[in-house]
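S.K.: Before we start, here is the structure in question, set down as structure tokens.
The values are calculated or read from the model by the stated rules, or taken from the named source; none is laboratory data. The shown structure was predicted, so the numbers you read here are calculated from the model rather than taken from an experiment. Every residue, glycine among them, receives a Cβ derived from its backbone with ideal geometry; neighbour counts consider all protein chains shown.
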Amino acid sequence: MQKFMIEKLRVSGAGKIDGVVTFTDGLNIIQGRSNTGKTWILKCIYYLFSSDTRPYSPLTGYTDIEGVFMTERYGRITISRKLDEEKVTVTAESTKVDDGEYDTNYKKDNSRYLNDLWLRIIGLNETIEVPKTARYARERMSWTNIASVFFADENEIDKSESIVIKDSRYETPLIASLYFLLTGDYKKGIPEITKPEVATAKKKAVVDYIEEQVSALTEKRISYIMQLEELNGMDIDKEMQEFTDHIQEVQQEIRDLMDENTAIVRQMAEYQQEDANCRVLLDRYESLISQYKADLQRLDFISKGEQAVNAQPTNGVCPFCGGELHPEDDDSYVEAINAEIKRIASELAVIAATEKSVRGEQETLQHRIKELQDRRAEISDALEEKNQEIQNYRSGMQRFKDYTTLQNGIDFVNDQLAILGKKKVAELQKKKNPPLYHAKQEFEEKVGTGFSVILNKILKECNYRSVGYASWDFSSFDILMDGVPKSEDQGKGYRSFLNSVVALMLYEYFNTDDVFIKPGFLMVDTPLLGFDENEEAFDGETIKNGLYQYFLNHQGDGQVIIVDNLNVIPTDIDFAARGVNVITYYKDEKDGHEYGFMPSWRKDLPKETV
């Protein structure tokens, strides 16, 4: 089996009758009247190859294109694409192919591309980069470009120039890709050759960088040597032990200071609690004293009131009832008030004495707390000094620890200087670049006369009776007849025929056993375009029969799809009897006729009356 073949093509759209074409292995002929959509079929297949060219007008109303492909490597794969979209949906039988969306063009934000899938289908395990210039600048190999070689489009079938090279600006990557199909060689590992002025600037930049690195390494080596000289004559082990002992002593002092600090914190907490208790007592004493003072003021007020009443003249008759009063019998409160005043004064004296005692105790506590706080500050300063002292000791130890490191550092720097020196010498020496890449020349060396042999064989089988010899011109990548390009004094039909022969030659050559990758497919649109012009000295009918007889004789080499008009295809050949898949389109639906590729698209299609 060839690498792949298309089994079915379907186009659809909202409210439209699906257009469906079924293909078989070998030869497929799609014939029909003009403007029945035959050409769209091949363009739809090419669109599913990842082409950016829209296959038909959106005015048709058909928006979806789906192709079912049978592949040798992964089994059946269905590719669906909407018109004017740069994504396809892939569904595969094999678990080795990821289902889902694929981009038709390379983008940075996606890792799945239709081009890569097609390259896997034809047998590649990776997406290679072929040379695109003579200086080995590279680009990804494009399946669309390769497929264009095996797709003779109606718009190009009668070209005067090469039907292979569509654009001379991109001929190098195309021919390099074809060369890879033949040989498996894509000049792997050959770096891009920079232009002389760029190479000179690059060399200067590299040399300058090397010299900067050499200077920096030299300074570092001098620093290492000076540090080692400072350590010469010292007993490293003894110095290290002394530093270790000092560090242990200081660490013990730090532990003692920390223990003392912990005890101070505990003692301060106790004193602060006692101070808080004193504040509570003093607050209570102040409240009690205020209360006693209020009592004294109240008793004083009562005493003064009684004295004021006694100073007034006595009244022996009650103003209300007129009864007799005896004021001399009223009790006096003076004695009771004096007694109460003496009691309160006694208690105030006691409270005042107690308050004084508590205040004295509080002052003592606050003094002790201040002392402890001062000691904590001293301990904190001492700890900082001790930690710095340990850091100094450790820095001193590090100098001795670095002794071996310094020795190794010097050796390393020396090695690096030697390497940089070699690099500088190598960079300054004139480098010989590989020869420039000439894709056509390499292709010619590989193919030799192979193309010419097949061209003449095809012409003979097609009953081409013109006197002369066909050859392949690798400079123009086109056929020559008697050394003359087909563009000289030849008509449209002649060019179409020769371009079809070129397409058949390429198809046959790339299907030989010694080819690295055999695509195994060919699509030709109107291979005899223009033969109705009856060109002088050109036996059209003989050529038509010969060309189609050649298609029949070689239909087993892969999948070939031919699109042509009904009035051109020979009527004396029973294609169906020879196992050819024939699809015919008409402009009517009489006698079971199929009305064009897109049944719902009938605008501007003239109706047949008979």
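S.K.: Restricting to region 4-20, name every residue that is crowded, with 23+ Cβ neighbours inside 10 Å and either more than 35 Å from the chain's Cα centre (by Cα) or modelled with pLDDT under 95 (or both).
M.R.: GLY19
S.K.: Let me ask something else. So, in region 158-173, exactly how many residues are farther than 19 Å from VAL524 by Cβ and surrounded by 17 or more Cβ atoms within 10 Å (Cβ to Cβ)?
M.R.: The number of residues fulfilling the criteria is 3.
S.K.: Taking the criterion of being surrounded by fewer than 14 Cβ atoms within 10 Å (Cβ to Cβ), farther than 30 Å from VAL501 by Cβ and not β-branched (Val, Ile, Thr), would at least one residue in region 131-148 satisfy it?
M.R.: So far as region 131-148 goes, yes, one or more of its residues are surrounded by fewer than 14 Cβ atoms within 10 Å (Cβ to Cβ), farther than 30 Å from VAL501 by Cβ and not β-branched (Val, Ile, Thr).
S.K.: Can you tell me which residues in region 474-513 are under 28 Å from TRP143 (Cα atoms), without any contact (Cβ under 8 Å) to a residue 60 or more places away in the chain and assigned to a helix (DSSP H, G or I)?
M.R.: Listed by number, the residues that qualify are PHE497, LEU498, VAL501, LEU504, MET505, GLU508.
S.K.: Being modelled with pLDDT under 90 and not polar (S, T, N, Q) is the filter here, so list the residues in region 109-125 that pass it.
M.R.: Residue satisfying the conditions is ASP109 alone.
S.K.: Has region 100-111 got any residue that is among the basic types (Lys, Arg) and surrounded by 14 or more Cβ atoms within 10 Å (Cβ to Cβ)?
M.R.: no
S.K.: Report, by residue number, each residue of region 514-553 that is polar (S, T, N, Q), modelled with pLDDT under 90 and either touching a Pro at 6+ places or on another chain (Cβ under 7 Å) or in a loop (DSSP other than H, G, I, E, B) (or both).
M.R.: ASN534, ASN545
S.K.: Condition first: in a helix (DSSP H, G or I), at pLDDT below 85, out of contact with any helix residue (DSSP H, G or I) (no Cβ under 9 Å at 6 or more places or on another chain) and not β-branched (Val, Ile, Thr). Can you find one or more residues in region 258-276 that meet it?
M.R.: There is no residue in region 258-276 that is in a helix (DSSP H, G or I), at pLDDT below 85, out of contact with any helix residue (DSSP H, G or I) (no Cβ under 9 Å at 6 or more places or on another chain) and not β-branched (Val, Ile, Thr).
S.K.: So which residues in region 565-581 are in a loop (DSSP other than H, G, I, E, B) and either surrounded by fewer than 16 Cβ atoms within 10 Å (Cβ to Cβ) or in contact with a Leu (Cβ under 8 Å, 6 or more places away or on another chain) (or both)?
M.R.: Start the filter on region 565-581 by keeping residues that are in a loop (DSSP other than H, G, I, E, B), which leaves 566-575, 579-580.
Hits for region 565-581 are LEU566, ASN567, VAL568, PRO570, THR571, ASP572, ILE573, ASP574, PHE575, GLY579, VAL580.
S.K.: For region 1-91, which fully contained strands (runs of 3 or more DSSP E) count at least 3 residues that are among the hydrophobic types (A, V, I, L, M, F, W, C), closer than 17 Å to ASP525 by Cα and touching a strand residue (DSSP E or B) at 6+ places or on another chain (Cβ under 9 Å)?
M.R.: The qualifying strands (runs of 3 or more DSSP E) are 26-32.
S.K.: Let me ask another. When you scan region 416-432, do you find a residue that is among the polar types (S, T, N, Q), within 48 Å of the chain's Cα centre (by Cα), surrounded by 13 or more Cβ atoms within 10 Å (Cβ to Cβ) and modelled with pLDDT under 85, even just one?
M.R.: yes
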